[in-house]
1. Considering each of Glu313, Glu344 in turn, give the residue that is acidic (Asp, Glu), outside any helix (DSSP H, G or I) and either modelled with pLDDT of 90 or more or over 20 Å from the mean Cα position of the chain (by Cα) (or both).
2. Taking Asp375, is it at pLDDT below 90, over 20 Å from the mean Cα position of the chain (by Cα) and of a type in the set (D, E, K, R)?
3. Taking the range 201-246 on its own, how many of its residues are in a loop (DSSP other than H, G, I, E, B), over 30 Å from His405 (Cβ atoms) and of a type in the set (Val, Ile, Thr)?
4. Kindly indicate whether any position in the range 247-261 is in a loop (DSSP other than H, G, I, E, B), more than 18 Å from Leu135 (Cα to Cα) and touching a Gly at 6+ places or on another chain (Cβ under 6 Å).
5. Take the range 374-401 and flag every residue that is crowded, with 19+ Cβ neighbours inside 10 Å and either assigned to a loop (DSSP other than H, G, I, E, B) or not assigned by TED's automatic domain parsing to the domain that holds Pro93 (or both).
6. Among the residues of the range 163-185, which ones are free of Cβ contacts under 8 Å to residues at least 60 places away in the same chain, touching a Phe, Trp or Tyr at 6+ places or on another chain (Cβ under 8 Å) and not in a strand (DSSP E or B)?
7. Among Lys134, Lys129, which is at pLDDT below 90 and among the charged types (D, E, K, R)?
8. For Ala148, state whether it is over 30 Å from Gly349 (Cβ atoms), crowded, with 21+ Cβ neighbours inside 10 Å, under 27 Å from the mean Cα position of the chain (by Cα) and touching a residue at least 60 places away in the same chain (Cβ under 8 Å).
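The values are calculated or read from the model by the stated rules, or taken from the named source; none is laboratory data. No experiment lies behind these values; they were computed from the predicted model shown. Because the Cβ atoms are built from the backbone with ideal geometry, glycine has one as well, and the counts that use them run over all protein chains shown.
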Amino acid sequence: MPIFDLTRAAGALTRTYDRTLHDVMLSADKAKQNPGFVSLQGAKMTQTPFGEAYVFAVQVNRGGGMSADIAVSESIAAAASGDGPIEQFVVTPTTLYTTYTVAGKVLRRATDEGAFIKAASFVVNDALKAHMRKLCILSHGVGDGVIARIIHTSGVTTTTIKVAPQDVRNIEKNDYLVAAATKTGALRSATSIRVTGRNTKTGVITLASNPVTLGWAEDDYIFWEGCAAAGGSLKCPTGYFAWVPDSDPSDTFYSVVRTTDPIRLGGNRFDASGLTFRKALIKAALDAGAQGSNIDRVRVSFNDFAAICSEGEALKTIELKAGELNVGFAKVMLEGVGEVWRDESLPDGHAMMEDSSTWRCASTDGKMAHIMKDDGLVLRKVSGADAFSVTIVSDMQIICLEPGHNTHIYNFVGS
C-alpha cells in the first residue's frame, strides 16, 4: 500500500483548484439560474485601489459653456469649473466566508493520494457551490443581508416560521438564522436558530428551537447568522437594487449625493401598475430609450417569466459565456423589447431592464472568490479537533458604471 502523504496530496489539490475554481462555481446549479450574477464574471476592476477602497467615476454632464457671446461662454465655463462633470464612487469591498468542515476519520479512509484527492475534491466542490449560492442570493440585495420575511398567515409557531415560498429557496437545511424587526435594526436575539427542514411549496421553515422565546414575530426580517446589518453596518455586497432602487434615492451612496441627479446616479425606474407584462416591458423600454439607455436584456423572476411565456411567446435557450464556461439560460423574445431572461435572484413583481455591459464585480484581481490557503493547503487541520476544513473567501462588490442606463421595473404583476 502506498504511503499516505497528506501535505503532498493537499498540495496537488491546491494546484488543481487554483486553475478550476471559477469553472466549478459557475457549473453549480445555482449559477445556471442566475444570469445576472454569472455575467459579472471576468469583468475586472481596472481602477487603482487605495487602502481597501476603489474609486470609479460616473459622468453626470458634458460640461462647458455655450453662448452666442464669447464672454458669456467663458463666464459660464469658469463658474462651473468647481463642479465638474464627474462624480466619484468610493467603494469598499465586502468580505464573505464559506467554511466546510469534515471529520478527520472520513478523510483517513482515503488510503492513498488518489483517493484523498477524490474525497477532498467533494468537500471543496461543495464549499464552492455553497459559496456561489449565497453570492447569487445576495446579488440583488442592497447590502442589508435580508433573505426572507416572516409573513402573517401562521407566521411564527414554537417550531416553525412561514415565509414566501419563493424565499424558501434562499434557505437550506442546517443554515443558522437570526431575525430583526427592521432591515438594519437590532436583532431580536444574538442567538441563532438552526434550520432542520424546509418546504418550497408552503413556505414553512422548520427550526431546531423555539423562535417565540427569542422574540421572533410576524413581519420580521430573516438573515443568515453574521450577515445582518444590525446597527446599520452593511456586511453583505450591495447588489443591483442598491445601484438601481425602485424609488428615487435620498441618501449618500459610496460618498456620492445621488439626489443631484437621481436618474444618472441612482438608475431609472418604471411603475408597471395596471399594465400587462408585455405592455409594461414595451413602455419601460421606450422610457429607457428616452434616457439614452442601450438596453440588451431584461431579467425577471421565475414566476413572472412563466407568466410572460403564457402570453404566447416562443421559448428559446441562449448560451452566456462566463470565463471558460458556456452556461445555458432560457429566454423569450418580445418585439420592441428584446431578450427577456429568467433569474432566480429576482423577487416576484420586479424586473431589471439593463445594459449588461455597465455592471462589474469589483475586486483586487477581478475574481469573485478565492480558496483561503494561508498555510499553502486547501484543506487545513482544525485546531483542537479531529477535523479538517476548507474556507472560500470573497473580497468583492457589485458596481454599476452607468446606473442611469438601467431601469428597475416595479409593480410588475400583470393585469
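1. Values: Glu344 fails: either modelled with pLDDT of 90 or more or over 20 Å from the mean Cα position of the chain (by Cα) (or both).
Glu313 is the lone residue from the list that is acidic (Asp, Glu), outside any helix (DSSP H, G or I) and either modelled with pLDDT of 90 or more or over 20 Å from the mean Cα position of the chain (by Cα) (or both).
2. Values: at pLDDT below 90: yes; over 20 Å from the mean Cα position of the chain (by Cα): yes; of a type in the set (D, E, K, R): yes.
Spelling it out, Asp375 is indeed at pLDDT below 90, over 20 Å from the mean Cα position of the chain (by Cα) and of a type in the set (D, E, K, R).
3. 1
4. Step one: of the range 247-261, the residues in a loop (DSSP other than H, G, I, E, B) are 247-251, 254-255, 261.
Then drop every residue that is not more than 18 Å from Leu135 (Cα to Cα), which leaves 247-251, 254-255, 261.
Right, trim to touching a Gly at 6+ places or on another chain (Cβ under 6 Å) and you get 249.
Looking for residues that are in a loop (DSSP other than H, G, I, E, B), more than 18 Å from Leu135 (Cα to Cα) and touching a Gly at 6+ places or on another chain (Cβ under 6 Å), one finds at least one in the range 247-261, hence yes.
5. Residues satisfying the conditions are Leu377, Val378, Leu379.
6. Asp175, Ala181, Thr182, Lys183 - these are the residues of the range 163-185 that are free of Cβ contacts under 8 Å to residues at least 60 places away in the same chain, touching a Phe, Trp or Tyr at 6+ places or on another chain (Cβ under 8 Å) and not in a strand (DSSP E or B).
7. On the way: Lys134 fails: at pLDDT below 90.
Of the residues listed, the single one that is at pLDDT below 90 and among the charged types (D, E, K, R) is Lys129.
8. Details: over 30 Å from Gly349 (Cβ atoms): no; crowded, with 21+ Cβ neighbours inside 10 Å: yes; under 27 Å from the mean Cα position of the chain (by Cα): yes; touching a residue at least 60 places away in the same chain (Cβ under 8 Å): yes.
When the stated conditions are applied, Ala148 does not pass them.
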